[in-house]
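What follows is calculated from the coordinates using simple rules that are stated; it is not laboratory data. No experiment lies behind these values; they were computed from the predicted model shown. Note that each Cβ is placed from the backbone with ideal geometry, even for glycine, and that neighbours are counted across all protein chains shown.
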Ligand code: ACM
């Protein structure tokens, strides 16, 4: 019997050989509103049916019921009914996503197979990141990305809101950031920014899909755009052989003070970390961001600050982490900020390789020694912007060459960094950097199916994870993804179901 196309793999599934639950126009879907809406949407998209009866003989019910871990749920499907229970609304929403994946063609009609299923997440933080700085992505694209991620039980949308190429969110305290420094993008493509109302809309839309927005302003490096708006805060670009190589390989100008940067190099910009005016800026932008962001985390970047003196970098990350903690938020920083004095609530985000190199694991361990936890984003497994293979039209290859779907899948979070065990891991996040990514179609092609591999690393129990099983289960999701208009990469490694 083929495996049920469930991704991420649930904690336990029993599928008796029993009569399935038929779905047709008289099926009733009722109970908690979010889950009901989520399943009704998948039914409509997948089957073309819009069941909306108030009474019928076959009912799907979503009901809150105490007991079980946060975000967990249980489902029982038999011929007469589907019952989903959960201790919270997120759990019911995930039950709806699971049921959506189970909808199957049955002759001329549709059904959900008989199952008993219990499920709960392995990690509390299950993220995706969208870089809206290298290329700006409009509101509708962000919402589409949220829908795609939430359907895989991911619950964090990390937005990389600033980089050398542009600043992407409007702030009343520092209006020139978007007035002056938002119009560019990589390759000279059009930029853009979110108004405060747009940002509020993203936060609300994500919340309606049980996703928390984690906003990032990256500093002290990755700040050329800040220097366009407020030249007094930025050092002049530091040109290294790396920058010159990138310019000659990929084209584009060398970074120049006061001129929008449209290339792909990193590590040339820095805020003036010795000036008090810089800390006034940090307090303004994170203070305003804190007020706009209901979630608990603010990310301040801290990666690749190659143009900042080492000692100054230490002073900077210490002060910024404390400014954020004093705002009542939990700071997050990329792993480079570890091993510095830093507010001890700061969560580290590891972006080294699955087999750590260059002491990056030491920097990640420092967050744990401080008493905080770590988010794992091993670049050669879960960086969604890497090419799948050498023939790919878009994507990069610096993370150990192309990342096949199998490599994206075949890693174990608790085995990446010695001394960082299950309880030290807050979760897993799959970043999508957008140097080569312009459209939703580009996002789909790079993210799918590898985002599903990351979701399974974040959600499913370690002992059930298996490449052969995953390969078969994602193959079975092709009809759902097609119906949802997701332009996934049809890897020849996968037997994609036609049905
Ligand atoms: C990163 O990839 N620089 C976090």
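When the Cα centres of region 148-192 and region 223-276 are compared, how far apart do they sit, in Å?
Region 148-192 and region 223-276 have Cα centres separated by 17 Å.
Over all directions, the average projected area of the alpha-carbon convex hull for region 266-343 comes to how many nm²? Walk me through the intermediate numbers first.
Numbers: hull surface 19.7 nm².
Over all viewing directions, region 266-343 projects a mean Cα-hull area of 4.9 nm².
Using the Cα gyration tensor of region 197-252, with a ≥ b ≥ c the square roots of its eigenvalues, what is the shape: rounded (a/c below 1.5), prolate (a/b larger than b/c) or oblate (neither)? Don't skip to the end; give the middle numbers.
Working: a/c = 3.43, a/b = 2.02, b/c = 1.70.
It comes out prolate by the Cα gyration axes.
Could you work out [θ]222 nm for the chain from helices alone, using -39500 (n - 2.57) per DSSP H run of at least four and dividing by all its residues? Round to the nearest 500 deg cm²/dmol. Could you put the intermediate results ahead of the total?
Values: 16 runs with 162 residues, N = 499.
It comes out at -9500 deg cm²/dmol, rounded to the nearest 500.
Which of the three applies to region 160-302, rounded, prolate or oblate, going by the alpha-carbon gyration tensor with a ≥ b ≥ c and a/c under 1.5 meaning rounded?
Values: a/c = 2.00, a/b = 1.51, b/c = 1.32.
Because a/c hits 1.5 or more and a/b exceeds b/c, region 160-302 counts as prolate.
For region 13-70, what is the convex hull volume of the alpha-carbon atoms per residue, in Å³? Numbers along the way, then the final one.
Numbers: hull volume 7.6 nm³, N = 58.
Expressed per residue, the convex hull around the Cα atoms of region 13-70 is 131 Å³.
Mind sorting 243, 375, 451 by how few other Cβ atoms lie within 10 Å of their own Cβ, fewest first?
Details: 243 20, 375 30, 451 27.
Ranked by crowding around the Cβ, least crowded first: 243, 451, 375.
Working only with C-alpha atoms, what are the Rg and Dmax values of the chain, expressed in angstrom?
23.0, 71
Short version: what are the Cα gyration tensor semi-axes of region 246-380, square root of 5 times each eigenvalue, largest first, in whole Å?
Details: eigenvalues 121, 90, 40 Å².
Three semi-axes, in Å: 25, 21, 14.
For region 281-342, calculate the relative contact order in percent as a whole number, restricting contacts to Cα pairs under 8 Å that are 6 or more residues apart. Please list the in-between numbers first.
Numbers: 63 pairs, mean separation 27.9, N = 62.
Taking the mean separation of contacting Cα pairs over the length of region 281-342, I get 45 percent.
Ranked by Cβ crowding within 10 angstrom, fewest neighbours first, how are 34, 57 ordered? Working shown, then result.
On the way: 34 17, 57 10.
Least crowded to most crowded, the residues run 57, 34.
Over every pair of different alpha-carbon atoms in region 346-397, take the mean of 1/r and invert it; report that Kirkwood radius in Å.
Numbers: mean 1/r = 0.0822 Å⁻¹.
About 12.2 Å, per the Kirkwood formula over Cα pairs.
To test your reading of the geometry: what angle, between 0 and 90 degrees and rounded to tens, separates the Cα axis of helix 33-47 from the longest principal axis of the chain?
Between the helix axis and the principal axis of the chain, the angle is about 70 degrees.
Which angle between 0 and 90 degrees, to the nearest 10, do you get for helix 89-102 versus the longest principal axis of the chain when only C-alpha atoms count?
Computed tilt is about 60 degrees.
Take the Cα atoms of region 404-487, find their three principal axes, and give me the spread along each one in whole Å, biggest first.
41, 31, 20
Let me test this: with uniform point scatterers at the alpha carbons of region 333-463, what is the Debye-based log₁₀ I(q)/I(0) at q = 0.10, 0.17, 0.19, 0.20 1/Å?
Each listed q corresponds, in turn, to -0.32, -0.85, -1.01, -1.08.
Relative contact order of the chain, please, whole-number percent, based on alpha carbon pairs below 8 angstrom and at least 6 residues apart.
Taking the mean separation of contacting Cα pairs over the length of the chain, I get 14 percent.
Against the longest alpha carbon principal axis of the chain, how many degrees, from 0 to 90 and to the nearest 10, is the axis of helix 196-208 turned?
Tilt relative to the chain: about 30 degrees.
Would you list the P(r) distribution for region 52-97, with all Cα-Cα distances sorted into 5 Å bins from 0 and each bin expressed as a whole %?
6, 25, 28, 19, 15, 6, 2
Tell me the Kirkwood hydrodynamic radius of region 107-164 in angstroms, computed as one over the mean inverse distance between distinct C-alpha pairs.
Values: mean 1/r = 0.0701 Å⁻¹.
Averaging 1/r across every pair of different Cα atoms and inverting gives 14.3 Å.
Does region 1-119 come out rounded, prolate or oblate by the C-alpha gyration tensor, with a ≥ b ≥ c the root eigenvalues, rounded set by a/c under 1.5 and, if not, prolate when a/b is larger than b/c and oblate if not? Show your work: numbers first, answer last.
Working: a/c = 1.63, a/b = 1.16, b/c = 1.40.
Because a/c hits 1.5 or more and a/b fails to exceed b/c, region 1-119 counts as oblate.
Taking 2.2 N^0.38 Å as the expected size of a compact globular protein, what ratio does the Cα radius of gyration of region 163-226 give against it, to two decimals? Write out the running numbers ahead of the final one.
On the way: Rg = 12.8 Å, N = 64, 2.2 N^0.38 = 10.7 Å.
Compactness ratio reported: 1.19.
Give the separation of the Cα centroids, region 309-374 to region 17-61, in Å.
47 Å
How high is the relative contact order of region 76-134, in percent, counting Cα pairs under 8 Å that sit 6 or more residues apart? Write out the running numbers ahead of the final one.
Details: 34 pairs, mean separation 19.3, N = 59.
It comes to 33 percent, rounded to a whole number.
I need 297, 205 ordered by Cβ neighbour count within 10 Å, fewest first.
205, 297
Write down the percent of antiparallel bridges among all DSSP beta bridges whose residues are both part of the chain, to the nearest 5. Walk me through the intermediate numbers first.
Working: 21 of 63 bridges.
Here the antiparallel bridges make up roughly 35 percent for the chain.
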